[in-house]
Amino acid sequence: MTLTGLPSEYDKYDALGLAELIAKKEITPAELLDAVRQRVEAINPKINAFSNFFFDKAEEQIKSGLGKGPFHGVPFALKDLGQYLQGTITSAGGRVWKDQVADYDSTLVTRYKQAGLVIFGKTTSPELGLTTTTESVLYGLTRNPWNLERTSGGSSGGAASTVASRILPMAHASDGGGSIRIPASCCGLFGLKPTRGRAPMGPAQFEGWNGLSAHHAVTISVRDSAALLDASSGAELGAPYYPPPQLRPFLHEVGADPGKLRIALIADSPVGTPIDPECEKAVTEAAKLCEDLGHIVEEAKWPMDAEMMRGAFLTIVNVSVARALEDAAVSLGRPVADQDVEPVTWAMAQNGRNISSVPYSSAIATIHQIGFTMAKFHRTYDVVLNPTLGKPPVPLGLLSLSPKDMRTFMKEITEFSPFTALYNLTGQPSMSAPLHWTPDGLPVGAMFSAPFGDEAMLFRLAAQLEKAKPWAGQRPAI
């Protein structure tokens, strides 16, 4: 058997399914990599989802011996932000870092290799992952396979566009304010942001944005997400924290009975922005589906002050951007200037430089208090259900880091994604499930979030939703 030249047959399998074909010797890792290369050549020119390729390194990885983990021989791509593969560029979507070649593998990348994944490329990200679309001066526009004039989301839009177009069944992604869940919603995928510290971030940097950022993946199937998190999670030497260990493998939660969950439905924007009727419909349908599955759904109110939340988030991110440019100046041998980065990046860095130590310290204290507030809220509710986004995928150009007008940019980004960042502040696991499509064929996700450390509950619920309303058969005509 060979999948090369048979894209419709390739589309039938998730990553674990492809690994099973390899285990049965129905296809070799080299043949599978070649099939993916053909799909890249046919599809990527339409969507622009990759920043660079290194198929030669992937071929050498196969020849030198792959890890014997659950994804033995399955092709995979890393997001071009925050993770490093020796001998390859991680540009973070910016011109300042476009020639930055790593001389080591990140801990997460090492675990991916041990899981048997064959890494052949990097997917696009906006500069430093700072917006909810994937557009950059360096790499241009990454397009949504469902509508090429719409955003694929951000900042893991390259990963989501790659998986939605079925170049790959799953791809690495990261989430500092929604950057796994936002593109998952935009592209009709399953996207889970794990608990703070669940997946390793080191060794160069053990946390991103003071712990707001988490790394995992966008996937077609729930079971791939669970198995990948099993393969990649675990305490890392030198890491400042690690969440409660799971009681059993996450893959064992897929298909397990979630019990009768008490779900808080909060459909109103925490910052008072309008919600598109299709996003309201998506979350209402998700609530009805949960009730049909035997869960209790109750309308609830946000338990925390939204402005306090927003202020703390922006303070931490702005300071982090300022630091990133200071770090870049060391390797450049000169200060980073405004013409080196995109306008929003520069403005955020300038804001960060103007924040003094006391407000910065207060912001960190605030996010922990928000985490405490949500932990108390979860004494009443097992899961919180929100719209993933305030709008379906918007046209390209509205959320670019090089906007025509800064005020319009701030309005658009706030209206588009008012929900996701809360769960970065608290560190809770949070997932977007693709349960709704608009009449004109755009995906819209529903977001479910669980208490700190309880990905197991989300995987049980996600598998139940996936079985009740399967989404893998929904594919863009690209």
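The values are calculated or read from the model by the stated rules, or taken from the named source; none is laboratory data. Just so we're clear, the structure is a prediction, and the values are computed from it rather than from any experiment. Cβ coordinates were reconstructed from backbone atoms using ideal geometry, including for glycine residues, and neighbour counts include every protein chain displayed.
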* Asked: If a residue has to be touching a helix residue (DSSP H, G or I) at 6+ places or on another chain (Cβ under 9 Å), surrounded by fewer than 15 Cβ atoms within 10 Å (Cβ to Cβ) and within 24 Å of K113 (Cβ to Cβ) to count, how many in the range 239-248 make the cut?
  -> 0
* **Which listed residue is within 25 Å of G93 (Cα to Cα), surrounded by 14 or more Cβ atoms within 10 Å (Cβ to Cβ) and at pLDDT 95 or above, from I62, I43** => I43
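So, in the range 40-72, how many residues would count as being of a type in the set (S, T, Y) and more than 26 Å from S125 (Cβ to Cβ)? Outline the logic, then answer.
We begin by selecting, within the range 40-72, every residue of a type in the set (S, T, Y); these are 51, 64.
From the residues that got through so far, the ones that are more than 26 Å from S125 (Cβ to Cβ) too are 64.
Matching residues across the range 40-72 total 1.
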* Asked: So, in the range 269-301, of the ones that are touching a Gly at 6+ places or on another chain (Cβ under 8 Å) and in a helix (DSSP H, G or I), which residue ends up surrounded by the fewest Cβ atoms within 10 Å (Cβ to Cβ)?
  -> C279
* Structure fact -> Of (1) closer than 28 Å to E307 by Cβ; (2) part of a loop (DSSP other than H, G, I, E, B); (3) of a type in the set (D, E), D440 satisfies every one except (1)
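Yes or no, residue by residue, for (1) surrounded by fewer than 24 Cβ atoms within 10 Å (Cβ to Cβ); (2) aromatic (F, W, Y); (3) within 18 Å of A199 (Cβ to Cβ):
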| site | (1), (2), (3) |
| --- | --- |
| D105 | yes, no, yes |
| Y112 | no, yes, yes |
| T123 | no, no, yes |
| L130 | no, no, no |
| G140 | yes, no, no |
| G176 | no, no, yes |
* Matching residues in the range 216-268 - criterion: being part of a loop (DSSP other than H, G, I, E, B), at pLDDT 95 or above, in contact with a Lys or Arg (Cβ under 9 Å, 6 or more places away or on another chain) and under 19 Å from P70 (Cβ atoms) -> I220, S233, V254, G255, A256
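Could you pull out the residue among L189, L148 that is under 26 Å from K281 (Cβ atoms) and out of contact with any strand residue (DSSP E or B) (no Cβ under 8 Å at 6 or more places or on another chain)?
Details: L189 fails: out of contact with any strand residue (DSSP E or B) (no Cβ under 8 Å at 6 or more places or on another chain).
Going through L189, L148 in turn, just one is under 26 Å from K281 (Cβ atoms) and out of contact with any strand residue (DSSP E or B) (no Cβ under 8 Å at 6 or more places or on another chain): L148.
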* Asked: Tell me, which strands (runs of 3 or more DSSP E) wholly within the range 96-199 include 1 or more residues that are small (G, A, S) and out of contact with any His (no Cβ under 6 Å at 6 or more places or on another chain)?
  -> 118-123, 170-175, 190-193
* Could you please let me know if A363 is within 30 Å of W437 (Cβ to Cβ), of a type in the set (G, A, S) and buried (at least 18 other Cβ atoms within 10 Å of the Cβ)? => no
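Does the range 52-59 contain at least one residue that is among the small types (G, A, S), exposed (fewer than 14 other Cβ atoms within 10 Å of the Cβ) and either touching a residue at least 24 places away in the same chain (Cβ under 8 Å) or under 21 Å from G158 (Cα atoms) (or both)?
Filtering the range 52-59 for residues among the small types (G, A, S) gives 58.
Retained after the next criterion (residues that are exposed (fewer than 14 other Cβ atoms within 10 Å of the Cβ)): none.
Within the range 52-59 (the criterion being among the small types (G, A, S), exposed (fewer than 14 other Cβ atoms within 10 Å of the Cβ) and either touching a residue at least 24 places away in the same chain (Cβ under 8 Å) or under 21 Å from G158 (Cα atoms) (or both)), the answer is no, since none of the residues qualifies.
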* **Leading residue by the ranking (nearest to A365 (Cα to Cα)) among those in the range 380-404 that are modelled with pLDDT of 95 or more and charged (D, E, K, R)** => D382
* To do: Filter the range 202-228 for residues that are among the hydrophobic types (A, V, I, L, M, F, W, C), under 19 Å from Q428 (Cα atoms) and surrounded by fewer than 23 Cβ atoms within 10 Å (Cβ to Cβ) and give the result.
  => F206, W209
